1. For peptide B:155-166, what's the mean number of Cβ atoms from other chains within 10 Å of each residue's Cβ?
2. For chain B, what is the calculated [θ] at 222 nm in deg cm²/dmol (nearest 500), taking -39500 (n - 2.57) for each run of four or more DSSP H residues and dividing by its residue count?
3. Excluding the sites themselves, what is the longest stretch of chain B that contains no trypsin sites (Lys or Arg not before Pro) in a DSSP loop with at most 14 other C-beta atoms within 10 Å?
4. For segment B:48-160, report the translational diffusion coefficient in µm²/s to the nearest whole number, using Stokes-Einstein at 37 °C, 0.692 mPa s, and a Kirkwood Rh over Cα pairs.
5. How much of the accessible area of the protein assembly as shown, probe 1.4 Å, is carbon plus sulfur, in whole percent?
6. In percent, how large is the relative contact order of segment B:8-148, given Cα pairs closer than 8 Å and 6 or more residues apart?
7. Between B:Leu270 and A:Phe73, with labels modelled 7 Å along Cα→Cβ, what's the label distance in nm to one decimal, could you check?
8. Note down the net charge around B:Arg318, summing +1 for each Lys or Arg and -1 for each Asp or Glu among other residues with Cβ under 15 Å from its Cβ.
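The values are calculated or read from the model by the stated rules, or taken from the named source; none is laboratory data. Worth saying up front: this structure is predicted, and the values here are computed from it rather than measured. Ideal geometry is used to build each Cβ from the backbone, glycine not excepted, and the neighbour counts take in all protein chains shown. Areas reflect the complete protein model, heavy atoms only, side chains present, ligands, DNA and RNA absent. Shrake-Rupley method; radii C 1.70, N 1.55, O 1.52, S 1.80 Å.
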Protein chains: 2
Amino acid sequence: MVVRMNCPLPNSRYSAITMAHGGGGTLTETLIRDVFLPAFGQPTPSLLDATPFAIGGGRAALTTDSYVVQPLFFPGGDIGTLAVCGTVNDLLMAGARPIALSAGFILEEGLPIETLRRVAASMRAAAEAANVRVIAGDTKVVGRGAGDGLYITTSGVGEIIAPGGGLSPERIRPGDAILLTGDIGRHGMAVMATRHGLTFSPPIASDCAPLAAPMLELFTSGPPPHCARDLTRGGLGGALCELAQSAGLDFEIEETAIPVEPSVRHACELLGFDPLFVPNEGCAAIFLPHDQADAALACLRRHEVSARAALIGRVGGRGGAVAARTALGTLRRLLAPSGEQLPRIC
Amino acid sequence: MVVRMNCPLPNSRYSAITMAHGGGGTLTETLIRDVFLPAFGQPTPSLLDATPFAIGGGRAALTTDSYVVQPLFFPGGDIGTLAVCGTVNDLLMAGARPIALSAGFILEEGLPIETLRRVAASMRAAAEAANVRVIAGDTKVVGRGAGDGLYITTSGVGEIIAPGGGLSPERIRPGDAILLTGDIGRHGMAVMATRHGLTFSPPIASDCAPLAAPMLELFTSGPPPHCARDLTRGGLGGALCELAQSAGLDFEIEETAIPVEPSVRHACELLGFDPLFVPNEGCAAIFLPHDQADAALACLRRHEVSARAALIGRVGGRGGAVAARTALGTLRRLLAPSGEQLPRIC
C-alpha cells in the first residue's frame, strides 16, 4: 500500500510496542510513518507490499513478510504454506511474475525437526503450485523462551509484466469495478477455531493459496487490472479503506454480493467477528474498468482458486471513504481497523 | 557456500533443534542436507548465501539472513547495522552489486519504540554507506516471552557484475592466493564482551561494515576474484574449511600473516576462543591468481574498510583440507566447527 499521510492517524502516544502495532491497521501505519519512513526515507512506495525497482534494464518487484502464525498447523495449510503463498501473492498484486523466493528461519531450541520437515514440504508444494522456487535461505536458532517454535520470513523477487508498468492504487479510476476473487473469512476463522479448539460443521479450512494462475492470465491475456490487493491482515474492509484513502476516491460495495461460506458466517457470529475484516490468504480485490468486469470475471472463474469470483462494488468520485450497502439496503461506512482483531494470524 | 555432500557430516541423531543447529557449522549443514535440500530440491547452490538467478535477460543474486544477535547494541554497531552489512556483503561475495534490500521485523510486545527508531537509523546509515536502499519491509508483533525484543530478517537483490558470471568456490584454482581484507575476531569478541559485561583496554569494537567500495572496485577495475567469502559464523577457519571442501582443494595459511588486534588476541586467550573461528562482520577472504595478489592488495588497501588487507595463504592441490602454519613453524589442521561456538552472535 502507499502509506497514507493525508488521513487521521492515532497520535504516537505509545512508547512501547503493543500487539496492535502488528495488526496491519492504522497503528502499524503510525509505526511506519513515525519510525520507518523517517529512517528509510521517501520515496518509499511501501513498507508493507511489493516495491518496484529497476534491474538489468528491466522492472522488478521486491517483497518481504515475516510469518508468526499460531498454531503452526491449521486446516488448509501451515506456516510454510502461508509463507510462500503470502509472498507470491504480494508480488502478483504489484503486477509481477514471481521468479525467486528466499526464506529465513528463526527456530526455537527444542523444535522437533520433524515439524520443520513438514513445514519445508508445505513450502515446496506451495512454491510448485506457483511455479516459483525457494533459492536462498538462512537458519538461526534462539534459546527456549526466546521464540515460539518457528518463525519464517520469506522474500520474493518478481518481474513486472502487467501492462502499464505495474498495478497501484494511483491507477484506480472513478467508475472502476471492484471484483473479489473468492469467498472471504476462511483463513482467519480456520486459525482462530484451531487456536481455541473449536470445531465447526462443516469444518472451516484456510483459503491459503497462490493466486498466480488467474493473475498471470489477466496480466498476459487481459483484461489488465488497474490495481489489486490481497486481503490479508485487516481483511477486505481493511484493504478497501487503505486503497480508498490512497486513491482519494470513494468506494461502494454490496454486502450481499460478497461470497461468505455459511460455516464462516456462523463462526463469525459466534465469535463476534465481522467477516469483512477477517484475514484471507488466497483472496484479492481487483480494480479495473467497469466495461471489462465481465471478461475479467470469466477469466478468474476458469481457475479453481478464483472460481467464486464476483463483482462486489464500484469506485465513486473524489473522497476516500468506503461504504457498504447492507442486506437491508442501508449504507454503513467501513472504518480502517486501528489494531489487532486477530493476533498472529499470519 | 555450496552445500558439501562429499564430506563426513554428523549423522542426524537429533530429533529436535539445538543451539548448535544455528551455528553455521556442520550441524547447520546437516539440517540443510536432511531437511531443506530434500524439500527445495537441487540445484540449490546454497541455502546460506547469495544465489544467482536470471531476470529480465540479466543475472541477479538473491540472499537472506535472519538476525537474532544479543545484545541488540554493541560497540561498533547494533542489530540494524548487522542486518544491512551482512546482506550487502553476502551479495558482494556472489559478485553482485547490491541494488535493493527488504527488512522483516519481528517485534516483541513491550519493545521500546525508541529502540526500534535507533535500529532503523543504523540500518539507514549502513545502507547509505553501501549505496543501497531498503525498499520493502514488514512488521509483526509477538507477545511477551515469544521473542527477545527484536529480530530482523533482511533480504537483498543484486546485479551480478563480476567478470566470469559471478564468484564461486568452483572457480578456485590450485596456486590461487588467499587474501584477507582486514583483521579478524573483532565482531565476535565485541559482542561477547558486551554480553558478559567485560571491558577490555583498548576496548574492542565490532568490525561490522559493508565491503561494497573495495569489492565493487575489484569487480569493475580488477583484478577480479575467483571466489570471496565473508567470515561470519565460523569465522575465517569455518569459511576456509567450507571452501576447501567445496573446491576439493587443499589450502595452507600462515597464522603469523593474519592480522589480529592485540586486544582481540588477549580477549580470546582470556575467554578461550581461537581467533580463527571467531565471527567477523566486515571482513572477507578473497581467492584470485597469485600473480594478481599485489594488484588486489593495492586496491583493497586504498579503502578504509580493507586498509589492513593481507596475503595469508595459498591454494594447493587436490584434497579439501585446510592447514595453518603456526608461529612455531608447525602445521595444524583446521577442522570445521560442528556447532555453536558463540550463540546469537548475528
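1. Neighbouring Cβ atoms belonging to other protein chains average 3 per residue here.
2. Value at 222 nm, helices only, nearest 500: -8000 deg cm²/dmol.
3. Details: sites that count: B:Arg13, B:Arg144, B:Arg302.
That gives B:145-301 as the longest site-free run.
4. 229 µm²/s
5. 53 percent
6. Once divided by the residue count of segment B:8-148, the mean separation gives 19 percent.
7. Once both label points are built, they end up 4.9 nm from each other.
8. Details: positive: B:Arg173, B:Arg314; negative: B:Glu170, B:Asp176, B:Asp250, B:Glu252.
In short, -2.
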